[in-house]
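Each value in this text was obtained by applying a stated rule to the coordinates, not by laboratory testing. What you are looking at is a predicted structure, and each value in this text was computed from that prediction instead of being measured. FYI the Cβ positions are ideal-geometry reconstructions off the backbone, even for glycines, and counts take in every protein chain you see.
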Amino acid sequence: MDELKTLADALIKRAKEAGLGIVTAESCTAGLMCEVLSDAEGATQAFHGGFVTYTKEHKSCALGVPEALLREKGAVCAEVARAMAEGALKRSKAGISAAITGVAGPEPDEDGNPVGRVCIAVARRGFPARDLERHYPDVGRDQIRERAVADALKAMTEALASVSAAA
């Protein structure tokens, strides 16, 4: 968890410098990214909050993920991660978002996705969402969740670095 704190502190600092608020959309991490960000130094100045959308139904009603996409692709895919990140932005005043959807275990999901498959997306207002997919080893729920949050925090920090470089 020390790595997560370090990553969250750096992200919050960068977001404040860029003048962008942060919002999250989480599934398999069940609010861990929100917890880590809310504990970061200066969080009240950059962290807006998050959505925990554990089921397909909640992804659709809370974030606007199309039901047809969820039926066709399942909940663990790049398209759903992007839709979650974009939906979080549409439903907040934040300027950047990250979404995590995946399978932390202990069993594969109802669509047959294996434990450790995680899709992450980062969206910024005015730019297309970017996504990445990870296949973590089955090292237990907590480790998979922590690795996913670390990768999402890194991806947001990289997206904010490109904002700073463009300025």
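Quick notes
- By the Cα gyration tensor, the chain has an equivalent ellipsoid whose semi-axes, rounded to whole angstrom, run 24, 18, 13 from largest to smallest.
- Pairs of lysine residues in the chain that meet both criteria, 8 or more places apart or on different chains and Cα atoms under 20 Å apart, total 12.
- Residue 93-residue 135 FRET efficiency (beta carbon distance; Förster radius 45 Å; 0.05 resolution): 0.85
- Only DSSP H runs of four or more residues enter the estimate; each adds -39500 (n - 2.57), and after division by the residues of the chain the mean residue ellipticity at 222 nm equals -15000 deg cm²/dmol.
- The trypsin sites (Lys or Arg not before Pro) of the range 97-149 that DSSP puts in a loop, and whose beta carbon has at most 15 other beta carbons within 10 Å, are 125.
- Amide N of the range 131-154 lying under 17 Å from the label point, which is placed 7 angstrom from the Cα of residue 58 along Cα→Cβ: 145
- Length released on extending from residue 35 to residue 3, taking residue separation times 0.36 nm less the Cα-Cα span: 10.1 nm
- Projecting the Cα atoms of 64, 105, 140 onto the charge dipole of the range 2-166, computed from C-beta unit charges around the Cα centre, puts 64 farthest toward the positive end.
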